[in-house]
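The values are calculated or read from the model by the stated rules, or taken from the named source; none is laboratory data. All values reported here derive from a predicted model rather than from experimental measurement. Positions of Cβ are backbone-derived with ideal geometry, glycine not excepted, and every protein chain shown enters the neighbour counts. Note: areas computed on protein heavy atoms with side chains; ligands, DNA, RNA excluded. Shrake-Rupley method; radii C 1.70, N 1.55, O 1.52, S 1.80 Å.
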Amino acid sequence: MEKVLEFKHVSLVWPDFKIDDVTFSLEKGYIMGLVGYNGAGKTTLFRLMANQYRNYKGEIYIDGFDCRTQEAKVKDITAFISEDQNFFFGESVKRNAEIYSPYYTRWDWDVFYKYLDLFEISSESKIMNLSRGSFLKFQLAFAIAHHPVLYAMDEPTAGFDPVFRYDFLRIIQNIVAEENASVLFSTHNTGDLDKIADYITMLDNGRVLFSKDVETLSDEFRHNFNDNRRFSISRLFEKGRWN
């Protein structure tokens, strides 16, 4: 299978935290949930992918391109969705798209406006006037418009109401199916992952405890805990599977 994301023995040391020999991969056309308690290192991994930190050991590849040495190509094919994205908050939604769209080789204005309409976001609204949820909806419209091969989403549904969270997850599943894209999805709403995740990677104190497909985790859960009830990620947390 073709790998769209690869972490190979990635380590990063700070005085009070470290990423410790992180290795995992995600194949094209699948959704991976990245889980762990606060401070486990989830956001740090996204920032490493975006080349915000460069002094790490190991290698990170997106669709075969090195995140450290081929940054422009990586950002062309990757959609980073989180609260700390660098947009011009004093400018309108449309103006931000005009500024950033030339950096993407597959930008599609029709798709951008289609999703703005779907999300009920005015193209004339200033970014700073958008609610937290609307800002993330704008990011999703922007992301879809440049047809990435990988969506890297750090807590994307945290600002959404339950109704839109359901729609959001359905949209992500459709994108994966229609464009053969992949998704790395960090969230504390483990119920979201129960609905859409094909794989789960668990982080704890900067290291990978496991990275497995959901079917394997479900089988292991039943065997280890003699529990035949429906498997869920939240119940995995409850049992302390990583201890």
message: Give all pairs with beta carbons closer than 6 Å in which a residue from segment 154-176 that is free of Cβ contacts under 8 Å to residues at least 60 places away in the same chain and among the hydrophobic types (A, V, I, L, M, F, W, C) meets a residue that is open to solvent by 30 Å² or more (accessible area, probe 1.4 Å) and in a helix (DSSP H, G or I); count only pairs at least 6 apart in sequence or on separate chains.
response: 169/195
query: Just wondering, is there one or more residues in segment 207-228 that are of a type in the set (Lys, Arg), open to solvent by 10 Å² or more (accessible area, probe 1.4 Å), out of contact with any His (no Cβ under 8 Å at 6 or more places or on another chain) and in contact (Cβ under 8 Å) with a residue 40 or more places away in the chain?
result: yes
field: Breaking point among (1) more than 16 Å from the chain's Cα centre (by Cα); (2) part of a helix (DSSP H, G or I); (3) crowded, with 21+ Cβ neighbours inside 10 Å, for residue 74
entry: (1)
- line: Restricting segment 1-43 to residues that are under 30 Å from residue 174 (Cβ atoms) and hydroxyl-bearing (Ser, Thr, Tyr), the one surrounded by the most Cβ atoms within 10 Å (Cβ to Cβ) turns out to be 30
- request: May I ask you to say which residue of 56, 100, 104 is over 17 Å from residue 4 (Cα atoms), of a type in the set (Phe, Trp, Tyr), surrounded by 14 or more Cβ atoms within 10 Å (Cβ to Cβ) and in contact with a strand residue (DSSP E or B) (Cβ under 6 Å, 6 or more places away or on another chain)?
  value: 56
- line: Cβ pairs under 6 Å, 6+ apart or interchain, first in segment 125-152 and within 17 Å of residue 100 (Cβ to Cβ) and part of a helix (DSSP H, G or I), second among the hydroxyl-bearing types (Ser, Thr, Tyr) and open to solvent by 10 Å² or more (accessible area, probe 1.4 Å), ordered by first then second residue, are 141/115; 144/115
